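What follows is calculated from the coordinates using simple rules that are stated; it is not laboratory data. Just so we're clear, the structure is a prediction, and the values are computed from it rather than from any experiment. Virtual Cβ from ideal backbone geometry, glycine too; neighbours counted across all protein chains shown.
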């Protein structure tokens with residue numbers, strides 16, 4: 001486990017094959033100045049590891065968990081059933097996936113009482129941004145980083161709009 005004693009966000013995934021998708025969450029959390037840790041926790045192949053991770057996450061200082069999974073995608077929901085922390089699920093289109101719909105629905109269709117915030121298929125970047133927004137409600141530095149990030153997004157759109165408007169069609 002890539003343990004970071006200052007981590008506020010735990011990024012977990014069902015297998016290493018999910019890492020290329022989950023890398024987007026890692027990258028955006030770095031940009032936003034959020035400390036995180038990364039590991040593999042399979043709901044099906046290592047259920048005790050998953051249970052221990054979820055049960056001890058808050059004690060270790062985590063504030064949010066981002067859980068990515070493909071196929072049956074039970075990891076986010078099972079983790080949410082064990083911890084009181086917010087869990088953000090990232091459905092991953094995997095090699096055994098039904099175009100990713102199985103993952104989306106497995107994470108999205110949680111029973112009442114066990115919520116999982118669900119982002120779009122392969123949208124780990126949005127999961128990272130959402131985790132930072134959650135933390136930013138009580139951390140002024142992270143909150144300001146989110147504001148700056150969104151202002152930069154807007155600036156890029158305006159810049160592109162001006163380029164398009166100046167184009168002769």
Here the gain from full extension of residue 16 to residue 98, 0.36 nm per residue of separation minus their alpha-carbon distance, amounts to 27.6 nm
Which residue fluctuates most in the GNM of the chain (Cα springs below 10 Å): 120, 154, 132? 154
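Considering Cα pairs under 8 angstrom that are at least six residues apart, work out the relative contact order of the range 4-113 and quote it in whole percent. Display every interim value, and only then the final one.
Working: 204 pairs, mean separation 29.3, N = 110.
After rounding, I find 27 percent.
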Kirkwood Rh and Cα Rg combined as Rg/Rh, the chain: 1.04
Top of 146, 12, 98 by mean-square fluctuation, Gaussian network on the chain, Cα under 10 Å: 98
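What number, rounded to the nearest 500 deg cm²/dmol, is the helix-based mean residue ellipticity at 222 nm of the chain, given -39500 (n - 2.57) per DSSP H run of at least four residues and division by all its residues?
Taking each H run of at least 4 residues, the total per residue is -14500 deg cm²/dmol.
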Using Cα atoms only, what is the angle between the long axis of helix 19-31 and the major principal axis of the chain, expressed in degrees (0 to 90) to the nearest 10? 60
Under a 10 Å cutoff between Cα atoms, tell me which one of 156, 30, 125 has the largest fluctuation in the Gaussian network model of the chain. 156
Using only Cα atoms, find the angle between the long axis of helix 124-136 and the longest principal axis of the chain, and express it within 0 to 90 degrees, rounded to the nearest 10. 90
Roughly what % of DSSP beta bridges within the chain run antiparallel, to the nearest 5? 5
Give the angle, between 0 and 90 degrees and rounded to the nearest 10, that separates the Cα long axis of helix 47-56 from the longest principal axis of the Cα atoms of the chain. 70
Pairs of alpha-carbon atoms within less than 8 angstrom and 6+ residues apart define the contacts here; what relative contact order does the range 54-169 have, in percent? 21
If I model a spin label at residue 159 and residue 147 as a point 7 Å from the Cα along the Cα→Cβ vector, what separation in nanometres do I get? 2.2
Mean Cβ count within 10 Å, highest first, over the residues of peptides 63-70, 136-143, 17-24, 112-119: 63-70, 17-24, 112-119, 136-143
